[in-house]
Amino acid sequence: MPACHAGRVDPDPGLFGPDSVTWQLHADPAVALGGLRALMLQTLHPLAMAGVAEHSDFRDDPWGRLFRTADYIAAVTYGTTEEAHRAAARVRRVHRRLRGVEPESGRGYRVDDPALLLWVHCCEVDSLLAAHRRCGAPLAPGAADAYVAEQVRAAALVGLTPADVPASTGDMREYFEAVRPQLHSTAAAREAMRLLLTPPLPLPARPAWAGLASIAFGMLPRWARARFGLTGWLTAHPGTDLAAGVAGRSLRSAVHLVPRRLWESPARRAAEQRLAAGAAALAAGA
């Protein structure tokens with residue numbers, strides 16, 4: 001509902017608003033592949049993966065965790081400013097009390113460690129942007145940098161200091177170069193990857209999911225694919241990158257043949273209706 005201020009109805013665009021690159025990019029069908037890519041990439045940080053393995057129910061309820069993540073992103077993207085802050089506050093409350101030890105290295109961790117929060121943030125932003133590009137979705141000159149800069153607001157919500165968060169695609173490349181020596185595939189990461197590639201599904205749906213997950217895996221950087229210990233052709237061969245790009249473009253084109261109401265985010269529709277109602281109320285009261 002539109003927020004009321006001094007007796008007037010004010011349409012709240014939230015953190016980003018309809019003219020942002022964030023609204024454009026998160027509404028595209030490529031976001032599904034980007035989300036999967038992000039989850040796969042996140043597994044490569046041993047401490048971040050240990051936090052998921054110890055404190056998440058991803059083994060028993062992988063779909064629930066996936067949908068909760070999607071709901072959080074939708075609230076931050078399309079919700080009112082208050083809704084975005086409220087969703088982030090819930091996440092911060094949960095994170096504050098979660099600690100543990102990564103079993104292979106014996107290193108302790110806190111889920112709310114800024115370094116781990118930054119890793120998760122950068123994996124998400126980089127992956128959504130990479131999938132958008134690889135699927136051939138339109139992106140105006142300068143829009144990629146604008147998207148990374150916009151997402152600093154989302155990073156601040158979970159407790160990160162904005163000055164510490166990459167604000168351009170160049171900054172993002174530098175971040176991944178710096179963090180790469182810390183990354184490798186642990187037993188927990190391999191278990192998570194198996195679930196991402198072959199989650200519990202009815203038998204008829206498994207081939208479709210396997211295809212989707214394979215495309216997302218192929219969109220990972222070559223260095224990231226190599227960390228999972230698969231064969232050289234899958235990890236390093238340029239054909240893997242080409243195949244993922246072609247398949248992603250084909251999938252995105254196929255989705256666009258379906259009526260938009262069947263795949264468009266309900267959160268975006270609700271936001272558009274909120275803004276339209278607010279604008280109409282303002283016009284009527286003018």
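Considering Pro181, Pro138, which residue is within 22 Å of Ala243 (Cα to Cα) and surrounded by fewer than 13 Cβ atoms within 10 Å (Cβ to Cβ)?
Numbers: Pro181 fails: within 22 Å of Ala243 (Cα to Cα).
Just a single option satisfies the conditions, and that option is Pro138.
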**OP:** Just give me the residues in segment 257-286 being of a type outside the set (A, V, I, L, M, F, W, C) and within 17 Å of Thr77 (Cα to Cα), in sequence order.
**Re:** Glu264, Ser265, Pro266, Arg268, Arg269, Glu272, Gln273, Arg274
Subject >> Selected residue [more than 16 Å from the chain's Cα centre (by Cα), farther than 21 Å from Pro162 by Cβ, at pLDDT 95 or above and in a helix (DSSP H, G or I)] from Ala115, Ala50, Ala89, Ala130 >> reply: Ala50
Subject >> Filtered residue count, segment 133-147, keeping only those that are closer than 20 Å to Arg249 by Cβ and part of a helix (DSSP H, G or I) >> reply: 5
**OP:** State which residue pairs qualify: first residue among the basic types (Lys, Arg) and inside segment 143-160, second residue buried (at least 19 other Cβ atoms within 10 Å of the Cβ) and not in a helix (DSSP H, G or I) in any location, beta carbons under 7 Å apart, and separation of 6 or more residues or different chains.
**Re:** Arg153/Leu15
Subject >> Filter result for the condition that a residue is among the basic types (Lys, Arg) and at pLDDT 95 or above, over Arg110, Arg59, Arg97, Arg68 >> reply: Arg110
**OP:** For Glu102, work out the one condition from (1) under 17 Å from Val125 (Cα atoms); (2) of a type in the set (Asp, Glu); (3) buried (at least 18 other Cβ atoms within 10 Å of the Cβ) it doesn't fulfil.
**Re:** (1)
Original post:
For residues in segment 22-34 being over 14 Å from Ala267 (Cβ atoms) and of a type in the set (Gly, Ala, Ser), which is surrounded by the fewest Cβ atoms within 10 Å (Cβ to Cβ)?
Top reply: Ala32
Original post:
Which condition number in (1) polar (S, T, N, Q); (2) within 30 Å of Ser250 (Cβ to Cβ); (3) more than 17 Å from the chain's Cα centre (by Cα) is the one that Gln182 fails?
Top reply: (2)
**OP:** State yes or no: is Ala70 part of a helix (DSSP H, G or I), crowded, with 16+ Cβ neighbours inside 10 Å and within 15 Å of the chain's Cα centre (by Cα)?
**Re:** no
**OP:** Could you give me the residue pairs with C-beta distances under 7 Å whose first residue belongs to segment 187-206 and is closer than 17 Å to Glu104 by Cα, whose second residue is at pLDDT below 90 wherever it lies, and which are 6+ apart or on separate chains?
**Re:** Ala192/Phe58
**OP:** Within segment 263-279, track down each residue that is at pLDDT 85 or above and assigned to a helix (DSSP H, G or I).
**Re:** Pro266, Ala267, Arg268, Arg269, Ala270, Ala271, Glu272, Gln273, Arg274, Leu275, Ala276, Ala277
**OP:** Hey, can you tell me all the residues within segment 30-78 that are among the hydroxyl-bearing types (Ser, Thr, Tyr), in contact (Cβ under 8 Å) with a residue 24 or more places away in the chain and under 15 Å from Glu191 (Cβ atoms)?
**Re:** Thr43
Subject >> Leading residue by the ranking (farthest from Ala115 (Cα to Cα)) among those in segment 163-184 that are hydrophobic (A, V, I, L, M, F, W, C), part of a helix (DSSP H, G or I) and in contact (Cβ under 8 Å) with a residue 24 or more places away in the chain >> reply: Met172
Original post:
So which residues in segment 53-67 are part of a helix (DSSP H, G or I) and either in contact with a Lys or Arg (Cβ under 7 Å, 6 or more places away or on another chain) or more than 19 Å from Val101 (Cβ to Cβ) (or both), if there are any at all?
Top reply: Pro62, Trp63, Gly64, Arg65, Leu66, Phe67
Original post:
Among Leu201, Leu160, which is surrounded by fewer than 15 Cβ atoms within 10 Å (Cβ to Cβ), outside any helix (DSSP H, G or I) and of a type outside the set (S, T, N, Q)?
Top reply: Leu201
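The values are calculated or read from the model by the stated rules, or taken from the named source; none is laboratory data. For clarity, every value in this text was computed on a predicted model and none was experimentally measured. Heads up, the Cβs are rebuilt from the backbone with ideal geometry, glycines too, and the neighbour counts pull from every protein chain shown.
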